[in-house]
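What follows is a short report on a single structure.
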Amino acid sequence: MKELQIQYKKILADYLKNQTERNLYIGQNFIRQLIQKKVTPEEVISIHKHAVEQIYPDITSEILNSFDFLIEIMVHFGLTVQEHQSLLVQQEELRIEMNVATKIQSMLLKTAIPKVNELDIGMVSIPIRKMNGDYVHFLNDEQHYVSVAVTDVVGKGVPAALCMSMVKYGLDTLEYANNNPSYVLEVLNRIIEKSVDDSMFVSMFYGTYDIKGNIFTYGSAGHEPAIYYNSRDQKFYDLESRGLLLGVMSEVKYRQYKIHLEENDFILMITDGVTDFRKQGDLDPRNVIKELALNYINLSAQEMCERMYAYLKDLTDFNLEDDFTVVIFKK
Amino acid sequence: MVGGIILNSKSTVEIITEWDIVVARQLGRNEAKIIGFGTVEQARITTAISELARNIYLYASAGEIVIERIEEVEKYGIRITAIDKGPGIDNVRKVMEDGYSTSGGLGAGLPGVKRLMDGMEIQTTVGKGTIIKIEKWI
C-alpha cells in the first residue's frame, strides 16, 4: 500500500504540473494495477486524499473533509464492486460445471449410426444451446432390424438434459425386448409419466425397419410427422400419427403403421427445430424440406442430412431457434 | 474466528427508532478512532454497524448493538455484537450468498458486512432472534 501511495502521488503531481493526455494515460494504467490488487474505491480516494495533502501542505481542512465524506459514501460502492467480482468467480465456476455436464451428456447420448448394407442411414443433430434437447437412439441387431427413436424434450437446457438421460436408459432396457413401436412408446410413456415433473413432456417418433422384409413400422408420440418419399409415385406422404406426448397420462395406447420401402424410397425423421423457420414469410417449412430432400436425392443419406442443415442454417441467417435433428432412412 | 480478551467495558445502544442507528454509528466510529483505525477502516466499521443496526430496525422491532474493544497478543481490535429478538434467519447459508439481499436493493447485506470486517459469527433461532458478532483488527 505504501508503495502504491508513493507511485500515485508522483503520477498525480505530474498531472497537476502538466495536464497532458500522456499523464492521464499513465493514471489509467496505474488504476489497472490497483484493480488487480483488489484495492477498493474508498481506498483509492484515501490514497488520493493523502497525495493531495502532501502536494499541497496548506490545503484547507474543508477540502480534506470533503474527501472523508467521499470515502464514507464510497464504502457501499466498494462493496458492490466486490460483490460483482465474487459473482463473476461464481459464474466462471458454473460455466466450468456446465462444460463438464455437456461433455457427460454428449458421452451418455452418443449414438453411432448403424451400418447396414440394405439401408442407407444418415443423421445430423445440432443443439442450439450447450445441452441438446433432441436425442436420436439407434438399435441394430445386425441381421434383422434397425430401429430409431427420434426424441425431443419439451423444455430446454439442463432439465431437458436430465429428462433425456432417463429416456436413454428407458430405451436401453428395451434393447433386447420386443421393439414394436407401440410397445416401446407405451413403456416409455409409463416411465416418464411416473418419474418426471408434470411440466416436462417428451415427443418421440419410433420406427423399426425389417431388413429382410423391407417393412418400416412406426409410431409417434406427439412428434413432428416424419416424411415418406415414394419414388415410384414421385410423391411425399406425411406419416401422421395422433399419439399423445409421452409423460402426459399413464395408460396411453399408441398405434403403429407399416410401409413397404422400395428402391430409392426414403423416410425423413425430424424434430420441430427443423421446421421452425416460420418467420420466412409464406414458405411452408415442410414443403421447403421436401423440395430440399428431392434436390439432394442422389447423395448419400448422411450428405442429404448435412446439406439440409447447411441450407436451413443459411436460410435463417444462422439463427436456428431450436435444437435441430434430421435422420434419413434411404432404401 | 471470533475471540479475544475484553479490555474495556462494553457500550450498548438500543435500536428502536431510525435515529438510534446514527447513535450506534457515532459510538462505533469514536471507538474505532480511539483504537487507532484509519479513516477508511473507520468508514468500513461504521458502515458495518449501520447495516446491522438497520437490520434490527427493519426486521426486528427492537434489539441492541454492543461495541467493545478487544485485545490479543500485540493485536487490538473492535467487536460489534448485534442482538435482536426478531424472527431469526431461516436459512443462514442463503442470506450469506452474494446477490441474495442486494438484488432487492436492501443494502450491503450480510455478505457485505462480512467483507467489511475480519470475522463474523451468526447465531440464530427462528422465532427467537439473532446474534451477530463481527470483529476487525488493526
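With a point put 7 Å past each Cα toward its Cβ, work out how far B:GLU71 is from A:HIS144 in nm, to one decimal.
Using points 7 Å along Cα→Cβ, the separation is 9.1 nm.
Report the relative contact order of chain B, percent, no decimals, based on alpha-carbon pairs under 8 angstrom and at least 6 residues apart.
Numbers: 270 pairs, mean separation 38.0, N = 138.
About 28 percent, as a whole number.
Any idea how far apart B:ILE131 and A:SER86 come out in nm if each label point goes 7 Å out from Cα toward Cβ?
Reported label-point gap for B:ILE131 and A:SER86 is 2.4 nm.
Top to bottom by accessible area (1.4 Å), largest first, where do B:TRP19, B:TRP137 land?
Details: B:TRP19 190, B:TRP137 40 Å².
Ranked from most to least accessible, the order is B:TRP19, B:TRP137.
State which entries of B:LYS10/B:LYS133; A:LYS290/A:LYS330; A:LYS130/A:LYS313; A:LYS130/A:LYS330 exceed 19 angstrom in Cα-Cα distance in the structure shown.
Numbers: B:LYS10/B:LYS133 14 Å; A:LYS290/A:LYS330 14 Å; A:LYS130/A:LYS313 17 Å; A:LYS130/A:LYS330 30 Å.
Check vs 19 Å cut-off fails for A:LYS130/A:LYS330.
Any chance you could run the full-extension gain for A:ASN180 through A:ILE63? It's 0.36 nm times the residue separation minus the Cα-Cα distance, nm to one decimal. List each step's numbers first, then the result.
Working: separation 117, 0.36 × 117 = 42.12 nm, distance 8.60 nm.
Computed gain between A:ASN180 and A:ILE63 is 33.5 nm.
On full extension of the chain, what length is gained from A:LEU315 through A:ILE104, given 0.36 nm per residue of separation minus the C-alpha to C-alpha distance? Before the final figure, lay out each step's value.
Values: separation 211, 0.36 × 211 = 75.96 nm, distance 3.19 nm.
Gain in length upon complete extension: 72.8 nm.
What is the average number of partner chain Cβ atoms found within 10 Å of a Cβ in A:75-81? Intermediate values should be presented prior to the final figure.
Numbers: counts 11, 6, 0, 8, 12, 3, 0.
Per residue, the number of nearby Cβ atoms from other chains is 6 on average.
Students often check this: by mean Cβ neighbours within 10 Å, which of A:197-210, A:231-244 ranks highest, and how do the rest follow?
On the way: A:197-210: 20.8, A:231-244: 14.0.
Packing order, densest peptide first, comes out as A:197-210, A:231-244.
Using label points projected 7 Å from each Cα along Cα→Cβ, tell me how many nm separate B:TRP19 and A:ASN23, to one decimal.
4.8 nm
Would you check the accessible area of A:GLU118, probe 1.4 Å, heavy atoms only, in square angstrom rounded to 10?
A:GLU118 has an accessible surface of roughly 80 Å² with all protein chains in place.
Suppose R0 equals 60 Å. What FRET efficiency, 1/(1 + (r/R0)^6) with r the Cβ-Cβ distance, do A:ILE35 and A:ASN230 give to the nearest 0.05? Mind dumping the intermediate values first?
Details: r = 68 Å, r/R0 = 1.13.
Here the calculated transfer efficiency is 0.30.
Could you name the lysines whose alpha carbon sits less than 17 Å from that of A:LYS49, not counting residues in the same chain fewer than 8 places away?
Cross-link targets: A:LYS2, A:LYS9, A:LYS10.
Order B:VAL126, A:VAL196, most accessible first, counting only protein heavy atoms with a 1.4 angstrom probe.
Working: B:VAL126 95, A:VAL196 25 Å².
Correct descending sequence by accessible area is B:VAL126, A:VAL196.
Would you mind calculating the gained length between A:GLU262 and A:ILE126 on full extension (0.36 nm times residue separation, minus the Cα-Cα distance), in nm to one decimal?
Values: separation 136, 0.36 × 136 = 48.96 nm, distance 2.98 nm.
Gain on stretching A:GLU262 to A:ILE126: 46.0 nm.
Shielding of A:294-303 by partners, i.e. mean partner chain Cβ atoms within 10 Å per residue? Show your work: numbers first, answer last.
Numbers: counts 0, 0, 0, 0, 0, 0, 0, 0, 0, 0.
Mean shielding count: 0.
Whenever you get a sec, line up A:THR151, B:THR124 from highest to lowest accessible area (probe 1.4 Å, protein heavy atoms).
Numbers: A:THR151 0, B:THR124 45 Å².
I get B:THR124, A:THR151, largest accessible area first.
The values are calculated or read from the model by the stated rules, or taken from the named source; none is laboratory data. Only a predicted model underlies this, so the values are computations on that prediction, with no experimental measurement involved. Positions of Cβ are generated from backbone atoms using ideal geometry, with glycine treated the same way; all protein chains shown enter the neighbour counts. Note: accessible area is taken over every heavy atom of the protein model, side chains too, but ligands, DNA and RNA are not part of it. Shrake-Rupley method; radii C 1.70, N 1.55, O 1.52, S 1.80 Å.
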